[in-house]
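Each reported figure results from applying straightforward, stated rules to the coordinates on display, with no laboratory input. Predicted model, so just to flag it, every value in this text is computed and none were measured. Please note: Cβ atoms are built from the backbone with ideal geometry, for glycine as well, and neighbour counts cover all protein chains shown.
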Amino acid sequence: MTRIIQFAPPDIRDSDIEAVVATLKSGWITTGPKVMELEEKLKSFLDAQIVSGMSCATAGMETILRYLGIGPGDEVITSVFTYTASASAIYHAGARIRLADVTPGGFHMDPRSVEALITEKTKAVIAVDYGGLPCNYDGIYEVLTNHRAQYKPLKGTPQEQFDRIICISDAAHAFGTQYKGKYVGNVADFTSFSFHAVKNVVSGEGGALSAAKHVPLEDDFKLKIRLWSLHGQNKDAYKKLRQGWKYDIELLGYKYNMTDMEAALVLSQLNRLDEIYNYRRELFELYKELLASEPRIHLLHFLPDEVVSSYHIMPIRIEGFDEPQRDELMEKLAERGVPTNVHFIPLAMHTAYKNLGFRIEHFPMAYATYQNLVTLPLHMKLTHEDVKYICEQLLNVLRARG
Ligand SMILES: *Cc1c(COP(=O)(O)O)cnc(C)c1O
């Protein structure tokens, strides 16, 4: 019997709905008390120095680049194996995108590939915690530290607070993950999280930007981030209510603020974070057990002593498959009611990046990972029976091919 399985539906409960309704009735729906409450909660949960609510992860990345004064003439390195947002944020800040390849057989940026791209124009690196698996931060920090001499901070900007290239994390997949005993959010210098509808914790849109404890921050960092994300206006509506109407526009900012409705949704889900992560891990372990009999299938591999995953997605690689064979497998699974995806099509394969001069031929490792990659469903509404069905179908299709 064919089942209908969804790929990544949100898991919204009555308690979430009640939290949003309470916010709607409170008379305060945009950036206000709920955003501030969330910022404080996230700060203590992540053990970070500062957390600021944002409209999305992309906005968080662009905001931190702009705050740091990174723009035209500068270069920022990110992974070729990511969603466009990690790189488009660099472009929109006005800097040049440099793309690094991944490790052989892997999903994360190879520190050696990062190293090869460093020049005296390099101001920051945006690492991507693919699939909710923190990347090799020790390897990246080592490269950035070794290349200290090449770091040329722009005078009169917060870049001067740093003595090496700045490390930013695109942790859109990685809220709640840990790297060597620290929460992601307190590992890279700055970290951007997403609460988009398909992520582990959702608010429709929404995100958060954190600064790690080790970062030498200016006293007014939080205020500055708020300025950049809210029109450069020195009093938001909430402050105007309490401190009088007269405001100033201090800089030409963006409209990247988080709303109280979004914050209420995230706050409500924080109450069941353990349940979310335990269930996702349970599904991952079930997949692992059911697919163990097929040696051609490789799962996202990690060392539990070093990292705690968020089990955000369920990518598998089929050894020996090329791109057409992978595509055919996905079609056959779709016919059997199993939706799949590919995370990600390397950036150098997309039109906009080809137009910038990137060519997939220069990223052989990313292409090798991409060509036999399939993402299976993994979400809170997926049952054990669903996982059994998905694995049965997958193994049947693979074995029918031989
Ligand atoms: C979803 C995603 C983003 C974008 O997150 P938004 O909150 O929608 O801006 C960025 N990077 C990666 C890797 C993502 O998967």
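Arg96's amide H: which non-local residues (gap 5+, or another chain) put their own amide H closer than 5 Å, with H modeled 1.01 Å from N in plane and none for Pro or chain starts?
Excluding prolines and chain starts, which carry no amide H, the hits are Gly73, Asp74, Glu75, Val76.
What order, most packed first, do the peptides 272-282, 166-176 have when packing is the mean number of other Cβ atoms within 10 Å of each residue?
Highest-to-lowest ranking by the protection proxy: 166-176, 272-282.
Listing Trp28, Trp228 from the residue with the fewest other Cβ atoms within 10 Å to the one with the most, what is the order?
Listed from fewest to most nearby Cβ atoms, that is Trp28, Trp228.
For Leu230, list long-range residues whose amide hydrogen, built 1.01 Å from N in the peptide plane, is under 5 Å from its own amide hydrogen.
The list, which skips near neighbours in sequence, is Tyr254, Tyr256.
Order of Lys246, Lys43 from fewest to most other C-beta atoms within 10 Å?
Lys246, Lys43
For segment 1-151, what proportion of DSSP beta bridges, expressed in % and rounded to the nearest 5, is antiparallel?
10
Which pairs, out of Lys121/Lys155; Lys332/Lys381; Lys34/Lys222; Lys123/Lys354; Lys25/Lys222; Lys43/Lys121, put more than 21 Å between their alpha-carbon atoms?
Check vs 21 Å cut-off fails for Lys332/Lys381; Lys123/Lys354; Lys25/Lys222; Lys43/Lys121.
Give the relative contact order (percent, whole number) for segment 111-200; include only Cα pairs under 8 Å separated by 6+ residues.
Dividing the mean separation by the residue count of segment 111-200 yields 31 percent.
Using the per-residue mean of other Cβ atoms lying within 10 Å as a proxy for protection, in what order, highest first, do the peptides 73-79, 147-153, 16-22, 36-42 fall?
73-79, 36-42, 16-22, 147-153
Under 5 Å between amide hydrogens, which residues at least 5 positions from Val102 or on another chain qualify, with H placed 1.01 Å from N in the peptide plane?
Under 5 Å from the amide H of Val102 lie the amide H atoms of Asp110, Met365, Ala366, each far enough along the sequence or on another chain.
Multiply the residue separation of Lys288 and His384 by 0.36 nm, subtract the distance between their alpha-carbon atoms, and state the gained length in nm to one decimal.
My answer for the length gained is 33.3 nm.
Can you compute 3J(HN,Hα) from phi for each residue in segment 24-36, using the Karplus curve 6.51 cos²θ - 1.76 cosθ + 1.60 with θ = phi - 60°, rounded to whole Hz and x for Gly and Pro?
Karplus values, whole Hz, x for Gly and Pro: 4, 6, 5, x, 10, 10, 9, 3, x, x, 5, 4, 5.
Could you sort 353-361, 334-342, 59-67 so that the peptide with the highest average Cβ count within 10 Å comes first and the rest follow in order?
Put in order of decreasing packing, that is 59-67, 334-342, 353-361.
Could you derive backbone 3J(HN,Hα) for segment 83-96 from the dihedral phi with the Karplus parameters 6.51, -1.76 and 1.60 (θ = phi - 60°), listing whole Hz in sequence and x where the residue is Gly or Pro?
7, 3, 4, 4, 8, 5, 4, 5, 4, 5, 6, x, 8, 8
Run the numbers on segment 13-125 and let me know its relative contact order in percent, using alpha-carbon pairs under 8 Å that are six or more apart.
In percent, rounded to a whole number, it is 20.
Once R0 is set to 56 Å, what does the formula 1/(1 + (r/R0)^6) return for the Cβ-Cβ distance between Leu299 and Trp245, expressed as a FRET efficiency to the nearest 0.05?
0.45
How big is the antiparallel share of DSSP beta bridges in the chain, given as a percent to the nearest 5?
Bridges in the chain are about 60 percent antiparallel.
I need the shape label for the chain. Rule: rounded when a/c is under 1.5, else prolate if a/b > b/c, else oblate, with a, b, c from the alpha carbon gyration tensor.
In terms of gyration-tensor shape, oblate.
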